[in-house]
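The values are calculated or read from the model by the stated rules, or taken from the named source; none is laboratory data. Since this is a predicted model, take the numbers as computed values, not measurements. Cβ sites come from the backbone with ideal geometry, for glycine too, and all protein chains shown count toward neighbours.
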Amino acid sequence: MPFMSSVIIYPANRLFGEVRVPSSKSYTHRAVILASLSEGVSRIFNPLFSRDTLATVKACKAFGASIMEKRGEEGEKLLEVCGFGKIEPPEDVINVENSGTTLRIITAVAGLSPGVTVLTGDDSIRKRPMQPLLDALQQLGVKAWSTRDNGLAPIVVEGGGFRGGEVTIRGDVSSQFITALLLVTPLGERDCSIRILGDLVSSPYIEITLEMLDLFGVKVEREDWGFFIPATQRYNPVNFYIPGDFSSAAFLIAAAAVTESKVKLLGLKTDSVQGDARIVDIVREMGAKVSDCESGIIVEGKGELKGVEVNCRDTPDLVPVLAALGACAKGVMILEGAEHARVKESDRIHGPAVELVKMGVKLEEKKDGMVTCGGEEIKGGVKVESYGDHRMAMALSVAALKARYPVEIKDAECVDVSYPGFWNDFEKLGVKIERRDDGGFG
């Protein structure tokens, strides 16, 4: 996608057509890393090629993995990954750019390296909390610290392997910390027990991690929301097809739900373990129709939704798009349980609240969510901020469909993080979009 500073989204009453949704970012990250940790060649079919996943690919290459883009027998894209065998210390600083998943997991992987690894990223990444993971790595015998001594990147890891034993870690900040530990502790010298302190947020992402560990031949025993990991295991190379991504598809599902539309989304299965598949049940409860078909799902909107109450503890990535749905729905929409959404790529509670108010939406921001009072016309005719956050940009585009006047969204290219083709797919479904790099509205 060519560089653009902003897009202008024009109101739309009806969407129609079909789109193949992006491949799962969460599965692609895990598949690339586990294949890199394997001894042998894995083939990852239908991977997501986005800014975030490419950051993971580059990081794994820095440790010695060979990763090549190829074409399958039917011309489909795939990644062929030849694992480390013996992990090498990176020759340079690893820049994860905007990818929190890459930062958290690769920090743990660096503990396996015989040398010193330095990890950093963009401005947003250098604000993402890391201290719980650093403390956990120290408990496992790996020295890891923040260069600014504030629990934030840049991070230095002095590796050499994991001794194992018992480790405790908070569960209320990010499930990525637990995923990172689960991926590396099977390679430790001794058995490991992971004990989670407090509530565990975003638990469906842990389910994805456990599914992938099993696929690659590693065994983990669950103890409530703690885990026992036998030591000295090895990852086996596999062939794996990456499923469609509900986190990205949520914005197309929402767009169809708020308009009088019939949209087919290819590559999705409603029985997915992905936590954000919950968007299907939410829009159904709000009044849209979602049905399965052989190749995906069909979303039918009536142009009128009702507000509902949603606890977002396990689905913080849905907060921006649910805020947009609430802005378009009649009555009150309550989002709660998502205080951890404030420490994502942006503050995903405050950001949507500020920008939707600019568009004319009535809402009240809460510590762990928000309350929207929809049903009145969204005025639009304004320029809104994406905060460089892909999910913010896509969520605001959904609300813009119901505005009276066009809405300009700044930093529109940030969708490259997870859904590089989003603006093209939006247009394919019938949305009028004007791309700008000259400042847009005055």
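Here are some notes:
- The lone exception for residue 179 - which of (1) farther than 23 Å from residue 124 by Cβ; (2) at pLDDT 95 or above it fails: (1)
- Filtered by the rule that a residue be closer than 23 Å to residue 65 by Cα, assigned to a loop (DSSP other than H, G, I, E, B) and out of contact with any Lys or Arg (no Cβ under 9 Å at 6 or more places or on another chain), segment 115-144 gives a lone residue, 115.
- Complete set of residues in segment 220-234 that are crowded, with 17+ Cβ neighbours inside 10 Å and either among the polar types (S, T, N, Q) or more than 27 Å from the chain's Cα centre (by Cα) (or both): 233
- Filter result (of a type in the set (D, E, K, R) and part of a loop (DSSP other than H, G, I, E, B)) within segment 145-173: 148, 149, 163, 172
Residue-wise test of (1) crowded, with 23+ Cβ neighbours inside 10 Å; (2) more than 28 Å from residue 244 (Cα to Cα); (3) of a type in the set (Lys, Arg).
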site	(1), (2), (3)
76	no, no, no
101	yes, no, no
104	yes, no, yes
120	no, yes, no
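- Residues that are closer than 23 Å to residue 23 by Cα and touching a residue at least 24 places away in the same chain (Cβ under 8 Å), drawn from segment 284-311: 290, 293, 295, 296, 297, 298, 299, 300
- Any hit, segment 73-85, residues being part of a strand (DSSP E or B) and among the charged types (D, E, K, R): yes
- From 292, 271, 314, 281, residue being crowded, with 19+ Cβ neighbours inside 10 Å and of a type in the set (Asp, Glu): 314
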